[in-house]
Amino acid sequence: MKRLNPNNCSVVVFNDPKEDCTQTLDLIYSVFSNVVVRSRKADIIAELKEQQQKETTSTLLLIDAEACHMKSSEDCPDLLLQIVHFLRQGLLTNNVTRYHVERSEKITQNVNQVSKVCLSEKDSECGEIWAKFKGRLKGVFRQEHCDRKDYLQAQICTWDFLPLDLDNKDLIQVVYMILSQVLSTFDELKALRVPSGDLYHFIFDICNSYHSTNPYHNFRHAVDVLQANYYFLCRLGVLQPMDPDVSFDPVESDIKNLFEPLDIFALLMASIGHDVGHPGVNNSFMITTSAPLAILYNDKSVLESFHAMSFFHLLREHCFSQLTDLRSNPEYATFRKIVVNSILATDMSMHDEYVAKIQDQAQRLKRKEIDFTDKATCEKEKILICGALIKCADISNCARPFESAKRWAKILAEEFFEQGDLERELGMTVLPINERGKIRLEDFQLTFKRFVALKLFESVSKVTPCMQFTVDQINENVDIWEEMKLQDKQQQQKQSPVEQNSNSPTEKNVVTPNNIPPQPSPEGKSSTSERPRSGI
Ligand SMILES: [Zn+2]
């Protein structure tokens, strides 16, 4: 929602004249210069229209919901519905912000009634202005405060989680809810419990450490990875889903028993910090341009080393400084090991190597070769599976339900293209994957799933069979991408059969195992270490 400027904003207050609101109104008058108070629905609508005539930048509509509920149970939702109706008709185009402090159960029901109307609308039935406003109004009408928390709680516990539809406030809340659940669940983490204000402060700084201008590698991606790992840990049975309506089949596994509370916390912390400060270009770009970071880290996992280092600085500056002081707190050595190793594991140039290690782990498990009574062995296996889980979470876009996977795929492609634009401007070689319009999204996705993602998810599913659902979803998505590709080809053939037969752009862009384009990775990082320095 656009920030309201008190000097450039009108305020329309809907209240019950019988209620004494003098104090509240005085406060409003002291902040805003243009305030009108009305107590009839019709007057409110008229006032909003009038404000629009004045071309006021924003109108803040304050509704004394309790008062209007007492006056008439239907008035409030009716008013909101009418505003929605006017917006849809294009009769009102001002910013309309709804705000109220308290509400009764009845009012909650009414808000939900408005919410249902908002959500049930099909875009095709609405005007252009409504379509534009719909997104902005979602946060206003759909849920807020306690409703919003319930909504986010349900979202966190579903594989259909889609942070692309959440604003920063929600994303911060998601992180807060996950971290505070873990900290409050386990007594072993008592020493790490911090006041909620401090935890929020830490999360705000993490959020600010991501570049919001990156199409893909921003805080939203970090929250996505965090939720994916939270979900995996719930499926594995080491965490209880925070939504009481969600439960998973119990899992019996030795791997599950490796996870201690601090390990769970470490993996989740690594998830939220794993791309801190990501510049929106990949390791290869950093190395080719001799970026100071590449020099500092000797061209090895440049960005990942940077993310891990930056994240530990953030921990040290906030309420988790004890996690970074191993001299005073040697018990946190495993925390650091898991966080650093997990973040480094997200370097896609090590992908195949990592997949091989997971396959070996699956074999060791199958042959019962792991000595779970040996502490050092347990730690080694645990660090390996944590790395595997964060890798899965990091590229989990392609294993999400198709519509979400498709939206992420487009955003990732945009970040690659922006790197390509930059490379072109700098006179560098631009790889096809970074070139706009060069490789079809379908081909890009199919190649990535077949040659990169499936290998990882299948291996991890052998170690923890509760991850099999990701493999099934990837296979389902592959079928849909194939179908889309086929339809596109047929469409092109219909439009231009001669051109298609001679030089089909579809054929031209088909990716074969012998002609794999630079392996696209959601991290925008190289997936083969032998790739030339000018590559991804
Ligand atoms: Zn990432």
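Each value in this text was obtained by applying a stated rule to the coordinates, not by laboratory testing. This structure is a prediction, so every number in the text was calculated from the model and none was measured. Please note: Cβ atoms are built from the backbone with ideal geometry, for glycine as well, and neighbour counts cover all protein chains shown.
At most 14 other Cβ atoms within 10 Å and a DSSP loop assignment: could you name the GluC sites (Glu not before Pro) in the range 314-372 that fit?
Sites meeting the loop and neighbour criteria: GLU369.
Anything over 19 Å Cα to Cα? Flag those among LYS190/LYS375; LYS357/LYS391; LYS375/LYS462; LYS256/LYS380, in the order listed.
Pairs exceeding 19 Å: LYS190/LYS375; LYS375/LYS462.
Scan around VAL37 for amide H atoms under 5 Å from its own, H built in the peptide plane at 1.01 Å from N, and keep only partners 5 or more places away or cross-chain.
VAL13
Please report ASP263, ASP347, ASP472 as a ranked list, fewest other C-beta atoms within 10 angstrom at the top and most at the bottom.
Ranked by crowding around the Cβ, least crowded first: ASP472, ASP263, ASP347.
Where does each of LYS380, LYS337 land when they are ranked from fewest to most other beta-carbon atoms within 10 angstrom?
Lowest to highest Cβ neighbour count: LYS380, LYS337.
Arrange SER253, SER33, SER301 by Cβ neighbour counts within 10 Å, fewest through most, would you?
SER33, SER253, SER301
What are the residues whose amide H is under 5 Å from the amide H of LEU60, where those residues sit 5 or more places off or on another chain and H is modelled from the backbone?
Under 5 Å from the amide H of LEU60 lie the amide H atoms of SER10, VAL11, VAL12, each far enough along the sequence or on another chain.
Along the positive direction of the dipole of the range 411-479 (beta-carbon charges: Lys, Arg +1; Asp, Glu -1; about the Cα centre), which of PRO432, ILE474, LEU412 reaches farthest?
Sorting the options by dipole projection puts first ILE474.
Gain in length, GLU369 to ARG316, computed as 0.36 nm per residue apart minus the alpha-carbon separation, to one decimal in nm?
15.2 nm
Give the relative contact order (percent, whole number) for the range 164-488; include only Cα pairs under 8 Å separated by 6+ residues.
Result for the range 164-488 is 17 percent.
Take the Cβ-Cβ distance between LYS337 and GLU483 as r, set R0 to 51 Å, and report the resulting FRET efficiency rounded to the nearest 0.05.
0.70
With +1 on the Cβ of every Lys and Arg and -1 on the Cβ of every Asp and Glu, and nothing else charged, how large is the dipole of the range 164-488 about its Cα centre, in debye rounded to the nearest 20?
That gives a dipole near 560 debye.
Quick check: net charge around LEU293, other residues with Cβ under 13 Å of its Cβ, Lys/Arg +1 and Asp/Glu -1?
-1
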